[in-house]
Amino acid sequence: MTDTPRAADRYPIRTATLETVDAFVAPLNLAFADIPDPGDEERRTWEPDRIIAAFDGTEPVATAGALTFRLSVPGGEAAAAGVTLVGVSPSHRRRGILRAMMRHQLDDVRARGESIAILWASEGAIYQRFGYGLATLGGTFEIERGGAVFARPAPVEGTVRLVDLEAAMGIFPALYDRVRVETPGMVGRSETWWRWIMLRDTDHMRGANGMKFLAVYEADGQVEGTAVYRVKPDWDDRGPNGRLVAVEVLATTPRATRDLWTWLFEVDLVRLVRAVRGPVPHPLQLLLADPRRLGFTVGDAIWLRVVDVPAALVARTYGRAGALVLEVRDGFCPWNAGRWRLDIGADGRGSVEPATAAPDVTLDAADLGATYLGTFRFSELARVGRVVENTAGALLRADEMFAAARAPWCSTMF
C-alpha cells in the first residue's frame, strides 16, 4: 500500500466551500453505489469547512466530512467530531487515500479543540486501524403483534396523541435533551437536525418505508415520552399485513416506557413491529412475557476515537475515587502515546498528568475508546488479550472507575 505522505502528495486534499461542496461529496455516491435522493435534507446539516476531498488532477476521488457535536459522557459532555460522508471512488481504492484523509481529519479535529471523534461504520473493520474503538451497541428486533404480551400487564396511566411537525418542534427536542444528559453516547441535535431530518417526512422515505408519525405521551399534565415511527401498509389474502418501524422511542418514566410500547403494539392494520437502533439492553427484554419473540439482535453502533487523552478523560466523571496510570499505545495520533496518571477525587472528577511511574494498565487507543463511555470493561478487554494488567487489582479498579450509571446508547444516525 502507498504510504500516507506519498498518497497525500499524489492526491492532494482540499477543503470544500459552500459553492464546491456538491462536487466534493460526489465520490460518496460512487463508493456506496447509491443514487442521491433529490429530497434529502441531510445536506442542510453539512459543514462545508469540515468536508474534504482528495483529488486526482481536477477530479475528486474520495471524500470525508465531520459534524460538530456535543457528546454526552458519564456525568457531563465533551466536544466531539461526528465523522460522516466518508467514501473512496472504486477506481482509487487501495492507494492509501483513506489513510491520508483520516490523518488530515484527525489533525483538524485536534486543532479545533475536540477531544473525541465518533462515527457509524459502514464496515466495522475499517476504522480500528485508525484508533477507533467500539463504544456503543445498538439493538434491532421484529415481532408479530400477537407475540407482544407483557409479563406484568398494568392499566394505562397516560395518553398518547399524534402531533404535526410544528407542534413536535416545541416538544420533542426538550424531551430528548432530558434523556440525553443521562445517557452516555447521545449527541446534541441542532434545530436544523430536528426540523429537517428527525421530524420531517419526505416523499422518497414515505414511498420506501411508509408514513412518518410523531407521537407524544403525557401523564398528569406532563410530557414523559415521545415516539417517531413509520407505518407501511400492506394486505394479503388473510387481511392487514402492515409493518410499523419504531425509529426512536424515548421515555423519562417507567410508565411512559410501558404505555408507549403498549400503544405502538396496538396500532391498527399492523402485523409486524420492528425497531432499529434501540438501546442495549432494551426495556422490552424485561417487559415482555416472552422476550425471545423479539428476535433481538445486537450490533455495533458508535465507534469512538480519543483524540486528546487528557481532555477526554477530564470531561467525564468516574464511579470511584482513586488513581490509575494508563500506558496508551497510539501510533496514529502519537501525541496521545505514553503514560498518563488519572487521579479521581471524592466528587468523581478527575485530573490527568503525564506520568513516569510504572503503568497499572497498558492498552491501545482503540481499547480506550471502547471503555471510555462504559460499554465495555477493562477486564473484558483483558480477557481477550487487548488490555494488559501490570499491577495486581488494577483491572478491577479501572472497571469501577470507568463504570457508567446508565448503559451508553446513541440513536442519532449521521
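The values are calculated or read from the model by the stated rules, or taken from the named source; none is laboratory data. Since we're looking at a predicted model, the values are computed, not measured. Using ideal geometry, Cβ is built from the backbone for each residue, glycine included, and neighbour counts are taken over all protein chains shown.
For segment 84-129, the set of residues classified as assigned to a loop (DSSP other than H, G, I, E, B), surrounded by fewer than 18 Cβ atoms within 10 Å (Cβ to Cβ) and of a type in the set (S, T, N, Q) consists of Ser122 only. Scanning segment 374-390 for residues that are assigned to a loop (DSSP other than H, G, I, E, B), over 24 Å from the mean Cα position of the chain (by Cα) and surrounded by 15 or more Cβ atoms within 10 Å (Cβ to Cβ) returns no hits. Of the residues making up segment 162-187, those that are over 17 Å from Leu260 (Cβ atoms), surrounded by fewer than 17 Cβ atoms within 10 Å (Cβ to Cβ), touching a residue at least 40 places away in the same chain (Cβ under 8 Å) and not aliphatic (A, V, I, L, M) are Asp164, Glu182. Among the residues making up segment 116-157, those that are assigned by TED's automatic domain parsing to the domain that holds Glu218, of a type outside the set (A, V, I, L, M, F, W, C) and touching a helix residue (DSSP H, G or I) at 6+ places or on another chain (Cβ under 7 Å) are Gly147, Glu157.
Residues that are acidic (Asp, Glu) and within 25 Å of the chain's Cα centre (by Cα) do not occur anywhere in segment 345-358. Would you kindly identify the helices (runs of 4 or more DSSP H) lying entirely within segment 4-78 that contain at least 3 residues that are farther than 27 Å from Arg200 by Cβ and of a type outside the set (A, V, I, L, M)? In segment 4-78, 4-10 are the helices (runs of 4 or more DSSP H) which contain 3 or more residues that are farther than 27 Å from Arg200 by Cβ and of a type outside the set (A, V, I, L, M).
The residues of segment 325-359 that are assigned to a strand (DSSP E or B) and either in contact with a Ser or Thr (Cβ under 9 Å, 6 or more places away or on another chain) or hydroxyl-bearing (Ser, Thr, Tyr) (or both), listed by number, are Val325, Leu326, Glu327, Val328, Arg329, Arg339, Arg341, Leu342, Asp343, Ile344, Gly350, Ser351. Taking segment 212-265 as the range and being at pLDDT 95 or above, surrounded by fewer than 18 Cβ atoms within 10 Å (Cβ to Cβ) and polar (S, T, N, Q) as the test, the residues that pass are Gln222, Thr252, Thr253, Thr262.
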